Amino acid sequence: METAAIWERFKSEVYFFILKKVRDTDITNEVMQNSFLKIHQGINTLKNPEKVKAWVFQIVRNEIANHYNQRSESVLSPQEELSATSNSYNDLCCLDRFINSLPKQYKEVVEQVYLKGKTQVEAAALIGISLSNVKARIRRAKLILINNFNTCCKFKINAEGKLIGDSNCTRCI
């Protein structure tokens, strides 16, 4: 398996995994770049191609840990600290606009879980709904977001129902 194939297959899943952990698009991009560099350098060490996903995510988890280890060694200024907790995800084509256009009940759950980093259980308690209701709202919100990305930004949907390809959005160019 080649690095390009791994990139195409896992880039969006890896991106959102990192984003959920670090909550900053600049750091996400940095960790993602470092991760795929290590994947490229170590592609020959992959013993079982069937376990490529586990191998990729282990490298990503290690890079996230490296980021936090490096971060703990440096002191952030108050301005850097503020920007590290910013909720702006403008690097993701139209994401802010799509989230803001979600119906209120879905938007609230998506913001708590994906933008503020709460667990689904914590989000349920904060909003005052059941865990199964949170899961249903997330599932419905994802369907709306996928449709919006597919319609506006011309992403494709693979067999697993995930967005693939690059943005072809006139609003974002």
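The values are calculated or read from the model by the stated rules, or taken from the named source; none is laboratory data. In this text, all values refer to a predicted model and were calculated from it rather than measured experimentally. All Cβ positions, glycine included, derive from the backbone under ideal geometry; neighbour counts span all protein chains shown.
Quick check: is even one residue across the stretch 44-57 aromatic (Phe, Trp, Tyr), surrounded by fewer than 16 Cβ atoms within 10 Å (Cβ to Cβ) and at pLDDT 90 or above? Full working, then the answer.
So the first thing to find is which residues in the stretch 44-57 are aromatic (Phe, Trp, Tyr), and the list is 55, 57.
Narrowing the set further to residues that are surrounded by fewer than 16 Cβ atoms within 10 Å (Cβ to Cβ) leaves 57.
From what is left, the residues that are at pLDDT 90 or above are 57.
For the stretch 44-57, residues aromatic (Phe, Trp, Tyr), surrounded by fewer than 16 Cβ atoms within 10 Å (Cβ to Cβ) and at pLDDT 90 or above: present.
Quick one: in the stretch 108-142, which of the residues that are charged (D, E, K, R) and surrounded by 18 or more Cβ atoms within 10 Å (Cβ to Cβ) is modelled with the lowest pLDDT? Even if it seems obvious, please write down each step before you answer.
We begin by selecting, within the stretch 108-142, every residue charged (D, E, K, R); these are 108, 111, 116, 118, 122, 135, 137, 139-140, 142.
This time we only want the ones that are surrounded by 18 or more Cβ atoms within 10 Å (Cβ to Cβ), so: 108, 118, 137.
Details: Glu108: 93, Lys118: 86, Arg137: 93.
Top of the filtered list is Lys118.
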(request) Starting from residues that are touching a Lys or Arg at 6+ places or on another chain (Cβ under 9 Å) and not aliphatic (A, V, I, L, M), keep the ones in the stretch 21-34 and report whichever is nearest to Trp7 (Cα to Cα). (result) Thr28
(request) Scan the stretch 16-39 and report the pairs whose first residue is crowded, with 19+ Cβ neighbours inside 10 Å and whose second residue is of a type in the set (D, E, K, R) and at pLDDT 90 or above, with Cβ atoms within less than 7 Å and a gap of 6+ or a chain change. (result) Val31/Glu63; Ser35/Glu63
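Given the condition modelled with pLDDT of 85 or more and outside the structural domain of Lys20 (by TED's automatic domain parsing), answer yes or no: does some residue in the stretch 78-99 qualify? Steps first, please.
Start the filter on the stretch 78-99 by keeping residues that are modelled with pLDDT of 85 or more, which leaves 98-99.
Subset that is outside the structural domain of Lys20 (by TED's automatic domain parsing): 98-99.
Scanning the stretch 78-99, I find at least one residue that is modelled with pLDDT of 85 or more and outside the structural domain of Lys20 (by TED's automatic domain parsing), so the answer is yes.
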(request) Would you mind telling me which numbered condition in (1) surrounded by 12 or more Cβ atoms within 10 Å (Cβ to Cβ); (2) of a type outside the set (A, V, I, L, M); (3) modelled with pLDDT of 85 or more Gly165 fails? (result) (3)
